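Structure first, commentary second.
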């Protein structure tokens with residue numbers, strides 16, 4: 001599988017997401033749950049028999065700031081999240097105030113870009 005190519009699909013929370021090959025036997029899926037919970041997933045990888053059909057779960061804790069638990073997983077240097085600044089929370093949503101700040105601009109820009117459909 002070439003670097004950057006879709007190598008498998010991850011089905012989670014009723015949706016399928018592309019998994020790409022990063023090189024060096026590393027793969028990535030861009031998925032971020034929108035709420036705390038336990039999310040069951042299944043991989044579909046016809047070109048990679050060792051991955052095909054693998055199942056597991058992602059557990060997102062509602063604790064903030066997150067404290068280390070006995071089964072916590074070290075995510076490494078390629079993990080991004082919204083700012084943990086409490087002033088940027090909206091209810092339980094971390095970083096939502098940042099999104100809220102730019103919401104109108106983003107939606108207006110999106111609408112303008114889709115104006116070509118009217119023609």
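The values are calculated or read from the model by the stated rules, or taken from the named source; none is laboratory data. It should be emphasised that the depicted structure is a prediction, and the values quoted were computed from it without experimental measurement. So basically every Cβ, Gly included, is an ideal-geometry build from the backbone, and we count neighbours across all protein chains shown.
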Looking at this structure, is residue 84 exposed (fewer than 12 other Cβ atoms within 10 Å of the Cβ) and either out of contact with any helix residue (DSSP H, G or I) (no Cβ under 8 Å at 6 or more places or on another chain) or modelled with pLDDT of 70 or more (or both)?
no
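From 32, 74, 111, grab the single residue that is modelled with pLDDT of 75 or more, out of contact with any strand residue (DSSP E or B) (no Cβ under 7 Å at 6 or more places or on another chain) and closer than 30 Å to residue 2 by Cβ.
None of the other options fit; the residue is 32.
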Pairs only if they're at least six apart or on different chains, beta carbon under 7 angstrom, first in the range 71-98 and not assigned by TED's automatic domain parsing to the domain that holds residue 36, second assigned to a loop (DSSP other than H, G, I, E, B) and at pLDDT 80 or above; list them, first residue then second.
96/89; 97/89
